[in-house]
Amino acid sequence: MGRGKSLAELNRDEEALASQNKAVQIKPNYSLGWNVRGITLTKLKRYEEAIESFDKAIQLNNEWNPTSPAEVWNNRGDALIDLQRYSDAIASYDKAITIKPNDWIAWNNRGTSLSDLKRYEDAIASHDKAIAIKPDYSAAWNNRGGPLIELKRYDDALASFDRAIQVNSEWGDKSSPAETWENRGYVLELLKRYDEALKSYNKALQIKPDLQTVINKRQRLLNQLGR
């Protein structure tokens, strides 16, 4: 299992999977092995197989160290999100939270799934729970801003993005400072604070110069302002 983990850390995912397949053949009752294999399959976008691997880990419920069933339910939810099976993802995150009520990652991911289902108030409540457990969780502050925008609570969304940037900690796999500066720019546009929006887009591009969504938004705004 150690070799597979090392290969995964080097982003040599196909080789990592081959090593992990060998590991679960040798030790088929090893929940941790099935979990790690599922993570690699998710990285390879083989989501159905990943879910099967996570299900196997949960079914076996044996030899978790150093992980736990809560983490596997969380990983399973992530794969379900990638398949756009948002209700199923929420059910997985709920399982993780039942096992580990203070799992701020599961609360945050649950909020993201709720947003995908347009359940914006519930999404904000879920992100708020993540933040209450871990106040320095930038990913949750960033993700919280999205449903606030949908509810036209633009000032609250701006405050949430500002907090994510200020905290600058624990961004997770799907959030980043550049993305948050982009989101901040967008909400400033909605507030008609155009010069500040441009500054936010410029900041995002300083961090990630090839971020095409920001390049497009910035150019559109410049055109709109006749600059």
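The values are calculated or read from the model by the stated rules, or taken from the named source; none is laboratory data. As the structure is a prediction and not an experimental result, all values here were calculated from the model. Heads up, the Cβs are rebuilt from the backbone with ideal geometry, glycines too, and the neighbour counts pull from every protein chain shown.
Residue-by-condition table, conditions (1) within 30 Å of Asn74 (Cβ to Cβ); (2) over 24 Å from the mean Cα position of the chain (by Cα):
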site: Ala159; (1), (2): yes, no
site: Ile165; (1), (2): yes, no
site: Asp195; (1), (2): no, yes
site: Lys199; (1), (2): no, yes
site: Ile215; (1), (2): no, no
Considering only residues that are within 22 Å of Asn168 (Cα to Cα), charged (D, E, K, R) and buried (at least 17 other Cβ atoms within 10 Å of the Cβ), which ones fall in the stretch 113-151? Lys129, Lys134, Arg144
Would you check which residues across the stretch 1-47 are among the aliphatic types (A, V, I, L, M), surrounded by 14 or more Cβ atoms within 10 Å (Cβ to Cβ) and at pLDDT below 80 and list them? Met1, Leu7, Ala8
Only one of (1) closer than 26 Å to Glu52 by Cα; (2) polar (S, T, N, Q); (3) in contact with a helix residue (DSSP H, G or I) (Cβ under 6 Å, 6 or more places away or on another chain) fails for Ser87. Which number is that? (3)
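If I filter the stretch 48-66 down to residues being of a type in the set (S, T, N, Q) and assigned to a helix (DSSP H, G or I), which single residue comes out as surrounded by the most Cβ atoms within 10 Å (Cβ to Cβ)?
Ser53
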Can you name the residue in the stretch 67-112 that is of a type in the set (D, E, K, R) and closer than 21 Å to Ile131 by Cα and, of all such residues, is surrounded by the most Cβ atoms within 10 Å (Cβ to Cβ)? Arg110
Over the stretch 201-227, the set of residues among the aliphatic types (A, V, I, L, M) and in a helix (DSSP H, G or I) is Ala204, Leu205, Ile207, Val214, Ile215, Leu221, Leu222
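Matching residues to (1) modelled with pLDDT of 95 or more; (2) hydroxyl-bearing (Ser, Thr, Tyr); (3) within 24 Å of Asp94 (Cβ to Cβ):
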| site | (1), (2), (3) |
| --- | --- |
| Leu117 | yes, no, yes |
| Ala140 | yes, no, yes |
| Asn143 | yes, no, yes |
| Leu151 | yes, no, yes |
| Arg163 | yes, no, no |
| Ser169 | no, yes, no |
Determine whether the stretch 184-202 contains at least one residue that is closer than 22 Å to Lys134 by Cβ and free of Cβ contacts under 8 Å to residues at least 60 places away in the same chain. yes
Report every pair of residues separated by at least 6 positions or lying on different chains whose Cβ atoms are under 8 Å apart, first residue within the stretch 111-130 and among the basic types (Lys, Arg), second surrounded by fewer than 18 Cβ atoms within 10 Å (Cβ to Cβ). Lys118/Glu150
